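Undergrad: First, the structure itself, so that you have it in front of you.
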Amino acid sequence: MAEPRVFPSLDQLRSVIGEELGPSSWLEVGQKRIDLFADATDQHHWIHVDQEKAAAGPFRSTIAHGYLTLALLPAFCTGLFAVDGLNMGVNYGVNRVRFPSPVPAGSRLRATVRITEVTDVPGGAQVTTVVTVEREGGDKPVCVAESVTRYYA
């Protein structure tokens, strides 16, 4: 597994605005992870949890919830970059999200990150990134999201 790129300061992070970081390591999205997400969110639609019915459905397999893919963004980002001296990051929001392609159970995903903005906030910085998640063997991204995170010292 690759180590995250560590920036010694926020100014150094600002120096890579517009640059693509990654790709991340691959992460498998198996049926167990999908089932656990369904349990956690009370979203048990057959397309996610009924393997027999889903096999006859439009994707020929169960697929991950789009929001499961979205929930993996922090793991991908922390695997790609960190800033020394900042102790904590909190999700501040998402400006735009799209799920152009499904994630069949058993898929392997990885992501790239492009930092688009770094803004000072009291005690830290707000970092806006565009995260693109791809599926191994896929021809389109499975998720493209503009994510906003606040990092604090």
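Undergrad: Under 7 Å by Cβ, and 6 or more places apart or on different chains, what pairs join a residue from region 109-136 that is within 24 Å of L68 (Cα to Cα) and part of a strand (DSSP E or B) with one that is at pLDDT below 95 and hydroxyl-bearing (S, T, Y)?
TA: Final answer for the pair search is V127/Y151.
Undergrad: Moving on. Out of D42, D84, I need the residue that is of a type outside the set (S, T, N, Q) and free of Cβ contacts under 8 Å to residues at least 24 places away in the same chain. Which one?
TA: Criteria check complete, one pass: D42.
Undergrad: Scan region 109-124 for residues that are within 23 Å of L72 (Cβ to Cβ), crowded, with 18+ Cβ neighbours inside 10 Å and more than 12 Å from the chain's Cα centre (by Cα) and jot them down.
TA: Within region 109-124, I115, V118 qualify.
Undergrad: Considering only residues that are out of contact with any Ser or Thr (no Cβ under 8 Å at 6 or more places or on another chain) and assigned to a loop (DSSP other than H, G, I, E, B), which ones fall in region 1-38?
TA: E3, P8, S9, S15, V16, E19, S25, W26, G30
Undergrad: Okay, moving on. Within region 44-57, identify whether any single residue is at pLDDT 95 or above, closer than 26 Å to D139 by Cβ, in contact with a Lys or Arg (Cβ under 6 Å, 6 or more places away or on another chain) and part of a loop (DSSP other than H, G, I, E, B), and answer yes or no.
TA: No, region 44-57 has no match at all.
The values are calculated or read from the model by the stated rules, or taken from the named source; none is laboratory data. On a predicted model such as this, the values are computed, not experimentally measured, just so you know. So basically every Cβ, Gly included, is an ideal-geometry build from the backbone, and we count neighbours across all protein chains shown.
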